[in-house]
Amino acid sequence: MLITGPSGCGKSTIAHCINGLIPGSFPGEIKGKLLVDGKEPKKAGVFGMSKKVGTVLQDTDGQFIGLTVAEDLAFALENDALPQEEIFQKVNRAADIVEMRNFLDHAPGELSGGQKQRVSMGGVLVDDVKILLFDEPLANLDPATGKRTIDLIERIRQKQDVTVVIIEHRLEDVLYRDVDRIVVMREGEIAADESPDRLLCTDLLEKEGVREPLYIAALKHAGAVLKPEDHPQHIETMNLLPYREQVRSWFARTKEPAAKTLGEPVLEVRDLTFSYTQGTPVLSHVSFGIREGEMVSIVGKNGAGKSTLSALICGFLQPDAGKILLEGKDIAPLTVKERGEKIGLVMQSPNQMISKPMIMDEVGLGLFVRGVPEKERTERVLKTLKICGLYPYRNWPVSALSFGQKKRVSIASILVMNPKILILDEPTAGQDYRHYTEIMEFLKKLNEQMGLTILMITHDMHLMLEYTDRALVLADGTLLADEKPAAVLSDEELSEKAYLKKTSLYDLAVRCGIDDPTAFSERFIACERALREGGQNR
């Protein structure tokens, strides 16, 4: 079962009720009755429910206990004081199920995002639980690893005969494998409880702020009225015959989007090489250029070197070889502080950046450190808060803001420095579709109205398609491609190498007999943008 809905609708609260954290750790008023495998969570407690429900958190690092994978898998068994021989047997069995047998002596911190997810699954499977509960399992994974995770969850469900409950915003990625039911939440209530085939034929997901699968949105753009009997849950097996001509006709009457006018080169990376450990390069001979006013995505599998690249550009790390040029000048002599006046980095979580309790103080901190006079500092902070839509909250404490608003505060604290380039690490991770759109439209406005050059490290293929002009594709420390996003996601071989996911728009175009899937994807994205900006209905 998949539970979805906008942020704050009650998804995680339901999860906390199921695994006993409510009322065990989060007290409150409870009415009605809840039974989990015949037990009442409030009576069984968190420990009692852990024998019935295995919870895998979004932040896997927050779930590790042991110093090695084997120790971590054995934790619950050691708690139960089982004989050592039985512990070894159960740990090996769980490691085999999640395909981590060869990593038992590795430290969890050494693992990739997908491997960490597998260890977390193994840690709850050792208890022979009846329910596996996943809270946003795909949020921090590259697209291909996300697919493998969903595939593994399905295999475990079949082998272990367990019930699986997934809470997730990335609907299309979860639907990579069969889902029996989708529960859509709205302000603490159930807005829908339907099979995927029935739900995808309605407009409920769009109304509730949940992103529809791209191929479903494209079919609706073409004027198709979907029917459950055509099984729209999977683009690979959906019956497209009734809609084929509508899609072809839509493609024929739409125009290619106009090319964006760009400025002079602003950032150039030449033959960049870097290693954390001598002889093991994380980046190897990477070269590319960025023009003023571009929005560029940096994509690739977990561990490909994306964050390392941003750290090198910002000066947190020094390259082994190669150069980085800003406006034609080598920035090697510049300190982190000096680079920060031209290049701003916004981390994935605003909590990693925010250090002052009040919004005005936080946004003005960089200016304060640089000795900007108070009058000028206040003027620049207020101006930036207006640009970021935060002016009404200027005297608020940061703690009173939502996650999305905190994200804006962290962006404002960089913008106030008037940088030439803004680098964002996973700007929309864990955001529902409404907050995703809010943040991305805000960044697009900064790009268009202020001419700000933006680089985004992302695993979100929809973001890459809809908002960026180019995609830099990294894999195993090398630059595999520097292409238009639609071209990248229409290349099966490239997507496989970089652990990306070929867009479902490509599959839709091919199955409808359209010979230019890249153009089809680009026209769909242009159509989405026009509808959003014009406020039209489909």
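Taking a threshold of 20 Å on the Cα-Cα distance, which of the pairs Lys39/Lys116; Lys406/Lys445; Lys386/Lys444; Lys383/Lys407; Lys406/Lys444; Lys260/Lys444 fall above it?
Lys39/Lys116
Projected onto the charge dipole of region 1-131 (+1 at Lys/Arg Cβ, -1 at Asp/Glu Cβ, origin at the Cα centre), which of Asn102, Ala76, Gly54 gives the Cα projection farthest towards the positive end?
Projecting each Cα onto the dipole axis, the largest value belongs to Gly54.
Can you give me the distance in nm between label points at Asp361 and Asp37, each placed 7 Å from the Cα along the Cα-to-Cβ direction?
Label-label distance for Asp361 and Asp37, simple model: 4.9 nm.
Using just the helices of the chain, give the 222 nm mean residue ellipticity in deg cm²/dmol: DSSP H runs with n ≥ 4 each add -39,500 (n - 2.57), and the total is spread over all residues, rounded to 500.
-11500 deg cm²/dmol, from helical runs alone.
What full-extension length gain, to one decimal in nm, is calculated for Asp178 and Glu338 as 0.36 nm per residue of separation minus the Cα-Cα distance?
52.4 nm
Given the convex hull over the Cα atoms of region 159-205, what projected area results after averaging over all orientations, in nm²?
Over all viewing directions, region 159-205 projects a mean Cα-hull area of 3.9 nm².
Within region 200-309, list the GluC sites (Glu not before Pro) lying in a DSSP loop whose Cβ has at most 13 other Cβ atoms in a 10 Å radius.
Taking region 200-309 and a limit of 13 other Cβ atoms within 10 Å, the loop GluC sites (Glu not before Pro) found are Glu236.
Using alpha carbon centroids, what distance separates region 35-92 and region 401-444, in Å?
One Cα centre to the other: 37 Å.
Measuring with a 1.4 Å probe in the full set of protein chains, what accessible area per residue, in whole Å², belongs to region 456-496?
With the other protein chains kept in place, region 456-496 gives 32 Å² per residue.
Convert each backbone phi in region 238-255 into a coupling constant with the Karplus relation 6.51 cos²θ - 1.76 cosθ + 1.60 (shift: θ = phi - 60°), then list the ³J(HN,Hα) values in order as whole Hz, x for Gly and Pro.
Coupling constants for region 238-255: 5, 6, 9, 3, x, 10, 4, 5, 4, 5, 4, 5, 4, 4, 5, 9, 8, 9 Hz.
I'd like to check one number: the per residue accessible area of region 172-239, probe 1.4 Å, reported in Å² as a whole number.
In whole numbers, region 172-239 has 46 Å² accessible per residue.
Counting other Cβ atoms within 10 Å of each Cβ, which trypsin sites (Lys or Arg not before Pro) in region 392-426 have at most 15 and sit in a DSSP loop?
Arg394
Cut-off 13 Å, label point 7 angstrom out along Cα-to-Cβ of Asp151: give me the residues of region 501-524 whose amide nitrogen falls inside.
501-502
Over the chain, what is the relative contact order in percent, taking alpha-carbon pairs closer than 8 angstrom and at least six residues apart?
Once divided by the residue count of the chain, the mean separation gives 15 percent.
How much net charge surrounds Pro265 when only the other residues with a Cβ under 9 Å from the Cβ of Pro265 are counted, with Lys and Arg +1 and Asp and Glu -1?
Result for the neighbourhood of Pro265: -3.
The list (i) 1.12; (ii) 1.26; (iii) 1.02 gives values of Cα Rg over 2.2 N^0.38 Å, and only one came from this structure; which label was calculated from it?
It is the value labelled (iii).
Calculate how many DSSP beta bridges within the chain are antiparallel, expressed in % of all such bridges and rounded to the nearest 5.
Among the beta bridges of the chain, antiparallel pairing accounts for roughly 45 percent.
Taking the Cβ-Cβ separation of Ala252 and Asn92 as r and a Förster radius of 45 Å, what is the calculated FRET efficiency to the nearest 0.05?
For R0 = 45 Å, the calculated efficiency reads 0.15.
Relative contact order, percent, of region 267-394 when contacts are C-alpha pairs under 8 Å separated by at least 6 residues?
Here the relative contact order equals 20 percent.
What FRET efficiency comes out for Lys375 versus Arg186 if R0 is 60 angstrom and r is the Cβ-Cβ distance? Round to the nearest 0.05.
0.80
Calculate how many DSSP beta bridges within region 59-209 are antiparallel, expressed in % of all such bridges and rounded to the nearest 5.
Percent antiparallel among DSSP bridges in region 59-209 is about 50.
Within region 426-467, find all residues whose amide N lies under 15 Å from a label point positioned 7 Å from the Cα of Glu533 along Cα-to-beta-carbon.
441-451, 466-467
Region 80-188: which GluC sites (Glu not before Pro) are DSSP loop and have at most 16 other beta-carbon atoms within 10 angstrom?
Glu99, Glu187
Hey, with R₀ at 22 Å, roughly what FRET efficiency would Asp482 and Glu292 work out to, going by the Cβ-Cβ distance, to 0.05?
My answer for the efficiency is 0.80.
What nm value, rounded to one decimal, do you get for the distance between Ala400 and Lys386 when each label is placed 7 Å out toward the C-beta?
Each label point is offset 7 Å from its Cα along the Cβ direction, giving 2.2 nm.
Label region 382-484 by shape, choosing from rounded, prolate and oblate, from the square roots a ≥ b ≥ c of the eigenvalues of the Cα gyration tensor; if a/c is under 1.5 it is rounded, and otherwise prolate applies when a/b is larger than b/c, oblate when it is not.
Verdict is prolate for region 382-484.
Just check region 261-357 against the gyration tensor rule for me: Cα atoms, a ≥ b ≥ c as the square roots of the eigenvalues, rounded for a/c under 1.5, and otherwise prolate or oblate depending on whether a/b exceeds b/c.
Since a/c stays below 1.5, the shape of region 261-357 is classed as rounded.
Over region 341-411, what relative contact order in percent results from Cα pairs under 8 Å that are six or more residues apart?
Once normalised by length, the contact order is 44 percent.
On a full-extension model of 0.36 nm per residue, what is the gain between Ala259 and Leu82, subtracting their alpha-carbon distance, rounded to one decimal in nm?
57.2 nm
Using +1 on the beta carbon of Lys and Arg, -1 on that of Asp and Glu, and nothing else charged, what's the dipole of region 433-483 about the Cα centre, debye to 20?
180
Starting from the Cα of Met1, step 7 Å along the direction of its Cβ; do the same at Glu236; then give the gap between the two resulting points in nm.
Simple spin-label model gives 2.7 nm for this pair.
With +1 on each Lys and Arg Cβ and -1 on each Asp and Glu Cβ, and nothing else charged, work out how big the dipole of the chain is about its Cα centre, in Debye to the nearest 20.
Here the chain has a charge dipole of around 1380 debye.
Please give the length that would be gained between Asp161 and Glu496 if that part of the chain were fully extended, namely 0.36 nm times their separation in residues minus their C-alpha to C-alpha distance (nm, one decimal).
Contour length minus Cα-Cα distance gives 117.5 nm.
Got a number for carbon plus sulfur as a percent of the chain's accessible area, 1.4 Å probe?
Carbon and sulfur together cover 49 percent of it.
Where a ≥ b ≥ c are the square roots of the eigenvalues of the C-alpha gyration tensor, would you call region 338-403 rounded, which needs a/c under 1.5, or, failing that, prolate if a/b is larger than b/c, or oblate?
Oblate, because a/c is 1.5 or more while a/b does not exceed b/c.
Dipole of region 1-156, Cα-centred, from +1 at each Lys and Arg C-beta and -1 at each Asp and Glu C-beta, to the nearest 20 debye?
720
The values are calculated or read from the model by the stated rules, or taken from the named source; none is laboratory data. All of these numbers come straight from a predicted model, not from anything done at the bench. Neighbour counts run over all protein chains shown; Cβ positions are idealised from the backbone, glycine included. Ligands, DNA and RNA are excluded from the accessible area calculation, which covers all protein heavy atoms including side chains. Shrake-Rupley method; radii C 1.70, N 1.55, O 1.52, S 1.80 Å.
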